[in-house]
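Reviewing the structure listed below.
The values are calculated or read from the model by the stated rules, or taken from the named source; none is laboratory data. Just so you know, these numbers come straight off a predicted model, no measurement behind them. Every residue, glycine as well, gets a Cβ built from its backbone with ideal geometry; the counts of neighbours run over all protein chains shown. Just the protein is used for accessible areas: all its heavy atoms, side chains included, with ligands, DNA and RNA removed. Shrake-Rupley method; radii C 1.70, N 1.55, O 1.52, S 1.80 Å.
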Amino acid sequence: MILGIAAALFTADPALAQDPGDFTIQPEILLASAGGYRSNGVGAPSVVWDPDQSRYLMVFEVRLPDVAAECPAGKWGLGLATSTDGLNWFPGPTALFEPAAGSFYSCVAAHPTAVYDNTDRALYVFFKSEQGTDACDVTTPSWGCTRYTGVGRLRVGFDDVGNPTRLTVRSTPVVDIDIDMGFPKFVNQGSTKYILLSRRPDVFVASSPVFSDFSLDPDPVITPGLVSWGQDEMFNPSVVCQDSISFPLASYPGGRNLDGFSILSAGWGKALASTPASWFLGASPYFEWSDDDQWRHWEVARLSTGEYLVYFSEKDASGNPRIRLATTTPSWAGIDIAGKSCP
């Protein structure tokens, strides 16, 4: 449930929040359109630190060049890029993960959110999934016949030199949702794992004791109408851990004001919580915009120094998505990126 707009909470404890404007957009374009599987651009970045290979890992979405009549939104897959400094990225020569015929992601695997499991030495990726209109032409799968199937989970292992191998995907959605949804964001708190996700116009939360079989709470946890920049829709609830006993969680949701499906204005700001079920939403946004080209997807990474990185996607002049970075600090080290496990 929403506990209300709490701008005063932020000013009462400034250590819990940056002031709007503290983020600076860096000039570099980190990844953009290229040949092959990236010919339609790259978007929805999710970045983690790999301590085993001392490098950054970025999972991103791509609209693949091949098309299929049964996939009305196109075919979407995931790519993987590596970096040693968080600015210069080297994407793999082929897509990391693509739709598979007969699966719950036969058309779409997109909107990734990644978490590196140090114990398992593996990368877990949760993604939005959609299947084709032909899903039930032969038989009815366990997840049903609707286009929207929910959230999938991919596990990526690596060999001794850091090449991805041993890709395994759950055969059924880890969150079953048969209506349009997106922007799944993972966080672990205590012994429970959570996925925050957007189901228009609200944000919901699902929980599980393990990396699968999440139960979706029927009531939204962030709703529109509480802030000037989010009167009609809230979305993209990126979440990080905080150094706070009272509010160990922070989310960076977006909001939109709409005229039908057209964006009149939009923004993203900050919310605080003691648990993923109850959020205080700040009144002031960090960024505002008024079109569908800016701030398409973003994920916030918190550093142990108290600074922040925001990897995000926007559209270029030709309408293809590309990936950029905003920061609260001019320099940082990848080893300082905090994980997604909160007290």
**Request:** Can you run down the residue pairs with Cβ atoms below 6 Å, 6 or more apart or on separate chains, where the first is in segment 172-189 and farther than 12 Å from Ser207 by Cα and the partner is among the charged types (D, E, K, R) and in a strand (DSSP E or B)?
**Result:** Met181/Arg199; Gly182/Lys128
**Asked** How many residues does segment 259-271 hold that are open to solvent by less than 50 Å² (accessible area, probe 1.4 Å) and either farther than 14 Å from Val203 by Cα or in a loop (DSSP other than H, G, I, E, B) (or both)?
**Response** 6
**Request:** Scan segment 96-116 for residues that are buried (at least 20 other Cβ atoms within 10 Å of the Cβ) and part of a loop (DSSP other than H, G, I, E, B) and jot them down.
**Result:** Leu96, Pro99, Ser103, Phe104, Tyr105, Ser106, Cys107
**Complete:** Residue count, segment 303-320, condition at pLDDT 95 or above and open to solvent by 10 Å² or more (accessible area, probe 1.4 Å), comes to 7
**Within segment 117-230, strands (runs of 3 or more DSSP E) holding 2 or more residues that are more than 15 Å from the chain's Cα centre (by Cα) and of a type in the set (A, V, I, L, M, F, W, C)** = 148-158, 164-169
**Cβ-Cβ under 6 Å pairs, at least 6 apart or on other chains, segment 54-69 side in contact (Cβ under 8 Å) with a residue 40 or more places away in the chain, far side surrounded by fewer than 16 Cβ atoms within 10 Å (Cβ to Cβ)** = Arg55/Thr84
**Subset of segment 231-244 [free of Cβ contacts under 8 Å to residues at least 40 places away in the same chain and part of a loop (DSSP other than H, G, I, E, B)]** = Gln231, Asp232
**Prompt:** What about Phe186, is it open to solvent by less than 40 Å² (accessible area, probe 1.4 Å) and either modelled with pLDDT under 95 or in contact with a helix residue (DSSP H, G or I) (Cβ under 6 Å, 6 or more places away or on another chain) (or both)?
**Reply:** no
**Request:** Could you list all residues from segment 239-258 that are touching a Gly at 6+ places or on another chain (Cβ under 9 Å) and buried (at least 17 other Cβ atoms within 10 Å of the Cβ)?
**Result:** Cys241, Tyr252, Pro253, Gly254, Gly255, Arg256, Asn257
**Request:** Go through (1) surrounded by fewer than 16 Cβ atoms within 10 Å (Cβ to Cβ); (2) modelled with pLDDT of 95 or more and name the single condition Val67 misses.
**Result:** (2)
